[in-house]
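A.B. asks: Can you read through this structure? Questions will come right after.
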């Protein structure tokens, strides 16, 4: 039974964890990657059942160190995908988030990089807008009581801190375009930041859009909120 536990636990863990790197670095088909993860949950569940049976039936011969190790592997295989599914159920199935739904910032420098991306460059609006406004009412144009040059400099620093790859500097006046890469699968999400002067203040708009996938699991909205939190701190520092 120990061999079965080891086999199921290790296989389930690999079925869930490896598809990300295999997709990112070796071009694994995305559909196959998700299929592997889905079946990895079942294998992990089977491993946990066998572990429980082993503890009940052969408690005296259980090697607790190795059993704990294999239990952790199986739990990772089960919990990671279920956590993603749970997150997906709480956010709308959209992947293009912007602070300005009537006149969203446009991609210029990023456009060639998205030429073969499944998700189109254009902002669809309509039902996408409605779902965003319902799910993320806090995401809207932000006013900063600072000159535009100061806010632009602070925004550049935030982009660098967040590890986004700058695509081009100022493809449009007072704009920043960049690409954020997710850790596990290496998905590319493109970001454009637009600054607009309003008397002595600055309006900041940002748009974050995934290249692939229908749902972003809330990642783009999270990215925008984090950006504004950091930008607020940066501009406060500038004012001191």
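Nothing in this text is a laboratory measurement; each read-out follows from the coordinates by a stated rule. Computed from a predicted model, the values in this text were never measured in an experiment. Counting neighbours? That spans all protein chains shown, and the Cβs are built from the backbone with ideal geometry, glycine included.
A.B. asks: For the stretch 78-122, go through all pairs of different Cα atoms, get the mean of 1/r, take its inverse, and jot down that Kirkwood value in Å.
C.D. replies: Evaluated over the stretch 78-122, this radius sits at 13.3 Å.
A.B. asks: Among 221, 117, 77, which one shows the highest mean-square fluctuation when the chain is modelled as a Gaussian network with alpha-carbon springs under 10 Å?
C.D. replies: Checking each option, the largest mean-square fluctuation is seen for 117.
A.B. asks: Roughly what angle does helix 64-88 make with the longest principal axis of the chain, taking Cα atoms, 0 to 90 degrees, to the nearest 10?
C.D. replies: Roughly 40 degrees, rounded to the nearest 10.
A.B. asks: Can I ask one more? For the stretch 196-215 and the stretch 88-151, compute the distance between their C-alpha centroids and round to whole Å.
C.D. replies: Spelled out, the Cα-based centre of one part sits 6 Å from the other.
A.B. asks: Using 0.36 nm per residue, how much length does the chain from residue 116 to residue 34 gain when fully extended, once their Cα-Cα distance is taken away?
C.D. replies: Roughly 27.4 nm would be gained on extension.
A.B. asks: Let me ask something additional. If I take R0 = 45 Å and measure r between the Cβ atoms of residue 4 and residue 181 in this structure, what FRET efficiency does the formula 1/(1 + (r/R0)^6) give, to the nearest 0.05?
C.D. replies: 0.70
A.B. asks: If I histogram all Cα-Cα distances within the stretch 81-221 using bins 5 Å wide from 0, what percent of pairs lands in each bin?
C.D. replies: Distribution as computed: 2, 10, 19, 22, 21, 15, 8, 3, 1, 0 percent.
A.B. asks: Let me ask you something else. Restricting to Cα pairs below 8 Å that are 6+ residues apart, what does the relative contact order work out to for the stretch 96-239? Please round to a whole percent.
C.D. replies: Relative contact order of the stretch 96-239: 31 percent.
A.B. asks: Another one. By how many degrees, 0 to 90 and rounded to 10, does the Cα axis of helix 219-239 deviate from the longest principal axis of the chain?
C.D. replies: With both axes taken from Cα atoms, the answer is about 50 degrees.
A.B. asks: Still on this structure: Evaluate the Kirkwood expression for the hydrodynamic radius of the stretch 97-175, namely the inverse of the mean inverse distance over all pairs of different C-alpha atoms, and round to one decimal in Å.
C.D. replies: 14.7
A.B. asks: What do you get when you divide the Cα radius of gyration of the stretch 2-88 by 2.2 N^0.38 Å, with N the number of residues?
C.D. replies: Against the compact-globule rule of thumb, the ratio is 1.17.
A.B. asks: A follow-up question, please. Contact order normalised by length for the stretch 2-88, with contacts defined as Cα pairs under 8 Å and 6 or more residues apart; what percent is it?
C.D. replies: It rounds to 42 percent for the stretch 2-88.
A.B. asks: Which value, in Å³ per residue, describes the convex hull spanned by the Cα atoms of the stretch 139-228?
C.D. replies: Spread over its residues, the Cα hull of the stretch 139-228 gives 92 Å³ apiece.
A.B. asks: Same structure again: If I take all pairs of Cα atoms in the chain, what percentage of them are more than 27 Å from each other?
C.D. replies: 48
A.B. asks: Using 0.36 nm per residue, how much length does the chain from residue 83 to residue 173 gain when fully extended, once their Cα-Cα distance is taken away?
C.D. replies: 28.3 nm
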